[in-house]
Structures are given as C-alpha cells and as structure tokens.
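Peer 1: Provided herewith is a single structure, encoded as structure tokens, for subsequent inquiry.
The values are calculated or read from the model by the stated rules, or taken from the named source; none is laboratory data. Keep in mind that this is a model prediction, so the values were computed, not measured. Note that we place each Cβ from the backbone using ideal geometry, even for glycine, and neighbour counts take in every protein chain shown. What goes into the accessible areas is simple: the full protein's heavy atoms, side chains included, and nothing from ligands, DNA or RNA. Shrake-Rupley method; radii C 1.70, N 1.55, O 1.52, S 1.80 Å.
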Amino acid sequence: MQQISVALTVNGVRRELEIAPWTTLLDALRERLGLTGTKKGCDHGQCGACTVLLDGRPINSCLALAVMQDGSDVTTVEGLARDGTLHPVQQAFIDHDAFQCGYCTPGQICSAVGLISDGRARTRAEIREAMSGNICRCGAYPNIIAAIEEAMKAT
C-alpha cells in the first residue's frame with residue numbers, strides 16, 4: 001500500500017505521519033494520533049461533529065484529505081485549553097450547560113472559536129447562521145448560543 005509523508009502541527013506539536021493518500025484529516029487525528037475529541041458523525045460534512053481549526057479556520061475534517069493539509073496548523077478541542085485553563089468557549093459551554101450527550105460539543109466549540117476569532121458574528125441571528133453547519137441532535141441550541149455570546153464578551 002502506498003504511503004505518503006505528511007507533516008502537521010497539531011495542537012502546537014509538529015507531527016509527521018506516513019498515511020495512505022485517501023486518509024481523511026479526521027481519521028489521521030483519531031486513528032493515527034489518538035485525538036478522539038473530534039467526533040465522526042455523518043462522514044459527509046453535514047453535521048459538524050468533526051469540526052477542527054485548520055490554520056485558525058473551522059473545517060469539516062471528514063471532508064479534508066490529510067495529505068492536502070501538509071504543513072498546516074490543526075487545532076482540535078484538546079488543544080484549546082492553555083496551562084490548565086479552559087478556553088473561554090469551553091468554560092462558557094460548561095457554565096451554560098450547552099451540551100447534553102456531548103457528542104457534537106467538540107465540533108460546536110471549534111466552530112464557535114473560529115467564528116469568534118473571525119469576528120463574523122455579532123448578533124444572535126449571525127451566531128445562529130454561522131453555527132448552522134453544526135447539528136445538535138439533543139436540541140441544546142439556546143444554551144449553545146448563550147455560551148457563545150458569553151465567550152464573545154470574554155475574548
């Protein structure tokens with residue numbers, strides 16, 4: 001089987017992988033690097049459970065081939081906390097009980113971090129629109145929006 005070398009900086013650490021050319025970024029993170037915070041939901045880019053930050057921008061990692069991300073910086077939900085302190089979005093999700101089963105939470109958090117850093121959502125309606133690619137099957141949307149609003153004030 002053909003293997004390709006890929007170098008990624010994942011959560012601040014340079015990682016070199018030998019992977020099959022068809023390996024998605026999601027599978028490289030979960031299966032090769034053991035970062036299971038990023039979830040495999042639909043595997044079609046429709047639910048957002050696999051959202052990570054690629055060079056600071058949210059992407060569906062199930063749709064991105066890892067070989068195409070060579071040299072990129074990837075941040076997963078595991079890489080958001082600093083020095084034992086949760087990222088403001090992570091803390092706001094806890095404070096607002098913005099999760100029920102928790103399956104979509106890592107993708108929701110990464111998407112929220114991306115939209116806050118981009119400054120592209122200022123109102124509740126803009127937050128809803130920006131987060132529309134992340135599905136919560138439990139229906140925790142009001143708490144998710146409240147958490148994002150609080151985190152926006154903290155950053």
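Peer 1: Working only within region 50-90, note down all residues that are over 17 Å from residue 11 (Cβ atoms) and free of Cβ contacts under 8 Å to residues at least 60 places away in the same chain.
Peer 2: 62, 63, 65, 68
Peer 1: Evaluate region 2-11: report whether one residue or more is closer than 15 Å to residue 78 by Cβ, open to solvent by less than 50 Å² (accessible area, probe 1.4 Å) and hydrophobic (A, V, I, L, M, F, W, C).
Peer 2: Of the residues in region 2-11, the ones closer than 15 Å to residue 78 by Cβ are 8-11.
Filter once more, so that each one left must be open to solvent by less than 50 Å² (accessible area, probe 1.4 Å): 8-11.
Narrowing the set further to residues that are hydrophobic (A, V, I, L, M, F, W, C) leaves 8, 10.
Looking through region 2-11, at least one residue is closer than 15 Å to residue 78 by Cβ, open to solvent by less than 50 Å² (accessible area, probe 1.4 Å) and hydrophobic (A, V, I, L, M, F, W, C).
Peer 1: Note down all Cβ pairs under 9 Å where the first residue falls in region 107-133 and is on the phi > 0 side of the Ramachandran plot, the second is surrounded by 13 or more Cβ atoms within 10 Å (Cβ to Cβ), and they're at least six residues apart or on different chains.
Peer 2: Pairs found: none.
Peer 1: Between residues in region 11-40 that are closer than 20 Å to residue 55 by Cα and residues that are open to solvent by 70 Å² or more (accessible area, probe 1.4 Å) and part of a helix (DSSP H, G or I), which pairs lie under 7 Å by C-beta distance while being six or more apart or on different chains?
Peer 2: 11/78; 17/32; 35/78; 36/30; 37/78; 38/30
Peer 1: Within the group 56, 84, which residue is at pLDDT below 95, open to solvent by 10 Å² or more (accessible area, probe 1.4 Å) and out of contact with any His (no Cβ under 6 Å at 6 or more places or on another chain)? Please lay out each step first, then the result.
Peer 2: Details: 56 fails: at pLDDT below 95.
Step by step, each of 56, 84 is checked, and only 84 is at pLDDT below 95, open to solvent by 10 Å² or more (accessible area, probe 1.4 Å) and out of contact with any His (no Cβ under 6 Å at 6 or more places or on another chain).
Peer 1: Taking residue 100 as the residue in question, decide whether it is touching a residue at least 60 places away in the same chain (Cβ under 8 Å), open to solvent by 70 Å² or more (accessible area, probe 1.4 Å) and closer than 23 Å to residue 136 by Cα.
Peer 2: Values: touching a residue at least 60 places away in the same chain (Cβ under 8 Å): no; open to solvent by 70 Å² or more (accessible area, probe 1.4 Å): yes; closer than 23 Å to residue 136 by Cα: yes.
Criteria not met by residue 100.
Peer 1: Of all residues in region 128-146 being under 15 Å from residue 98 (Cα atoms), out of contact with any Asp or Glu (no Cβ under 7 Å at 6 or more places or on another chain) and assigned to a helix (DSSP H, G or I), which is most open to solvent (accessible area, probe 1.4 Å)?
Peer 2: Top of the filtered list is 128.
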